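Data first, discussion second: the structure below is written as structure tokens.
Please treat every number below as a calculation from the coordinates, not as lab data. Keep in mind that this is a model prediction, so the values were computed, not measured. Cβ coordinates were reconstructed from backbone atoms using ideal geometry, including for glycine residues, and neighbour counts include every protein chain displayed.
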Amino acid sequence: MTISPEREAALLASVPTGLLIDGEWRDASDGGTFDVHDPATGKVIATLASATSEDAKAALDAADAAQADWARTPARVRSDILRRAFELINERAEDFALLMTLEMGKPLAEARGEVAYGNEFLRWFSEEAVRDYGRYLTTPEGKNKILVQNKPVGPCLLITPWNFPLAMATRKVGPAVAAGCTMVLKPAKLTPLTSQLFAAVMLEAGLPAGVLNVVSGNSASAISGPIMKDRRLRKVSFTGSTPVGRQLLKDAADNVLRTSMELGGNAPFIVFEDADLDKAVEGAMAAKMRNMGEACTAANRFLVQDTIAEEFTRKFAEAMGRLKPGRGTEDSSTVGPLIDGGARDDVHQLVSAAVSAGAEAVCGGEPIDGDGYFYAPTVLGNVPNDAAILNEEIFGPVAPVTTFETEEQAIRLANASEYGLASYLFTQDYARMFRVAEQIEFGMVGFNAGVISNAAAPFGGVKQSGLGREGGAEGIAEYSTVQYIGIADPYAE
Ligand code: NAP
């Protein structure tokens, strides 16, 4: 059922508009605000307080003041808060989904999928919180003892992007809460509303004041700068573009901060001639079109064995042609708009350059006229191997297809990127799966699967795609520091 304007207005009116500092929603210290837009219409949908550097410092003050008590809070209590938040989000799943559709543009069905996926991090880390094991052993010399325990890292700065407004926040807040860290969360200014509602739910679930502080605003560096320079901060966890990640790593060096960096991707989607072609097309649609292609895991380069390239490209273009662009709140919509006009221009520039270099637009290839920032789902055939579109993160609904002849060549082409986040491999040959997976330089490999993100799996990349892992057993370790206690021989006289 298409959503009514009254329902949209009522939901938007329920979202807190202030900064969350020390458990209270406050105005900005200078009274400043910023607007949030619906990318399907370009209209303003909310106005929020815009944090100043002073507000950012107040948020860190609150996180620092709460840290000692929070670290001593029993793991079971922290676990129960996460579990309660998981249940509250389930109860309000439709609100979270609609809010993401309104501020980010993804169709409601996809937004519902993100609520399920993002919320799972709260459940997963509620379970991990009470299983944060240390170890006890005797030294190899057989006398002294070694005791190893995990402790929370301390106050963290969490910076999230606009493309998955709930999941990127829960993927950081979940493990930080589980490990006993306090936080300052800085959401992307294009999509801050979901984080506001999420923070309200965390308070309702019983999170003490000061443990989670949320500061959105017009200037990311005015917020993060003073926090990064402050020696009370112990960690920065960032998800976003590689250039900003690099800058934050340089800034982090000054205070020797722990860092987790989830950066850009350029995922190869490799299809061998022995693949089930229909399954490969289905996987290609999921890997390319989830979030309108605006995902770090989005398939960015389709490497298809030359013997099946024509058939794959035709079937893929037919499936892309069946998609229905439209505002995400409409029942018929299966593809939303891009996040803003600049993003759409960037996508079109990459497509135009590829076509000028000899690629063929098998379908799409143009922006869609009218309100919002829509781009036609596009398949490009015969893309030359040196085209810019194969080297840059497209972040849009565009699939460039190129070919290879041998397994060795496919591996070489896949690795010819500075990024190493997600990759996809379609073949029915399990031995080939192991061979290729071992040789490709990517943090994640989807084998006959177009979607691989899961709270129970370690998400992350190598090379210019970043450092550290989110989710899985590895996720909580990013927020823990190891302490070793050396114990003298208890049998010594
Ligand atoms: P972005 O421009 O790097 O922004 C990400 C976040 O960093 C936003 O909160 C942004 O704030 C903030 N930021 C920007 N400049 C900053 C600075 N100088 N200092 C501190 N913070 C700063 O990236 P985006 O366009 O939002 O997101 C798209 C990128 O994220 C893509 O490259 C994508 O691949 C990557 N991504 C990676 C993963 C992963 O897990 N590896 C997941 C999702 C997305 P403002 O919004 O206020 O500018």
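Out of every Cα pair in region 202-258, what percent are spaced more than 14 Å from each other?
Of the Cα pairs, 63 percent sit more than 14 Å apart.
Which FRET efficiency, nearest 0.05, do residue 135 and residue 204 yield, Cβ-Cβ r, R0 35 Å?
0.45
What's the magnitude of the charge dipole for the chain around its Cα centre, counting Lys and Arg as +1 and Asp and Glu as -1 at the beta-carbon? Answer in Debye, nearest 20.
Numbers: 45 positive and 65 negative charges, 295 e Å.
In debye, rounded to 20, the chain gives about 1420.
Roughly how many nanometres apart are two label points built 7 Å out from the Cα toward the Cβ at residue 219 and residue 10?
In this crude label model, residue 219 to residue 10 measures out at 4.0 nm.
With labels modelled as points extended 7 Å from the Cα through the Cβ direction, what inter-label distance (nm, one decimal) is found for residue 69 paired with residue 27?
Rounded to a tenth, the inter-label distance reads 2.8 nm.
Find how much the distance from residue 345 to residue 385 grows on full extension, using 0.36 nm per residue of separation minus their present alpha carbon separation; answer in nm with one decimal.
In short, 12.1 nm is gained.
Measure off 7 Å from each Cα along the Cα-to-Cβ vector at residue 94 and residue 253, then give the distance between these two points in nanometres to one decimal.
Spacing of the two 7 Å Cα→Cβ label points: 5.3 nm.
Which Rg and Dmax, in Å, describe the Cα atoms of the chain?
Spelled out, the Cα radius of gyration and Dmax of the chain are 23.5, 86 Å.
So how tilted is helix 93-104 from the main axis of the chain? Cα-based, degrees 0 to 90, rounded to 10.
Around 60 degrees separate the two axes.
Quick check: residue separation of residue 356 and residue 35 times 0.36 nm, minus the Cα distance between them. What number comes out in nm?
111.8 nm
Taking the highest mean first, how do the peptides 477-484, 94-101, 427-434 order by number of other beta carbon atoms within 10 angstrom per residue?
The densest-packed peptide leads the list: 94-101, 477-484, 427-434.
Let's test the formula: R0 of 60 Å, r as the Cβ-Cβ distance of residue 151 and residue 408. What FRET efficiency results, to the nearest 0.05?
My answer for the efficiency is 0.80.
Between residue 2 and residue 324, what length comes free when the chain is fully extended (0.36 nm per residue of separation minus the Cα-Cα distance, one decimal in nm)?
Length gained between residue 2 and residue 324: 114.4 nm.
How much FRET efficiency would the formula 1/(1 + (r/R0)^6) give for residue 488 and residue 232, where r is the Cβ-Cβ distance and R0 is 35 Å, rounded to 0.05? Can you show the working numbers first?
Values: r = 34 Å, r/R0 = 0.97.
According to the calculation, E is roughly 0.55.
From the helices alone, meaning DSSP H stretches of at least four residues, give me the mean residue ellipticity at 222 nm for the chain, per-run term -39500 (n - 2.57), in deg cm²/dmol to the nearest 500. It would help to have the intermediate numbers written out before the result.
Numbers: 15 runs with 193 residues, N = 493.
Rounded to the nearest 500, the figure is -12500 deg cm²/dmol.
More than 23 angstrom separation, counting every C-alpha pair in region 267-455; what % is that?
For region 267-455, the share of Cα pairs beyond 23 Å comes to 36 percent.
How long are the three semi-axes of the equivalent ellipsoid for region 58-136, computed from the Cα gyration tensor as the root of 5 times each eigenvalue, in whole Å, largest first?
Result for region 58-136: semi-axes of 30, 17, 10 Å.
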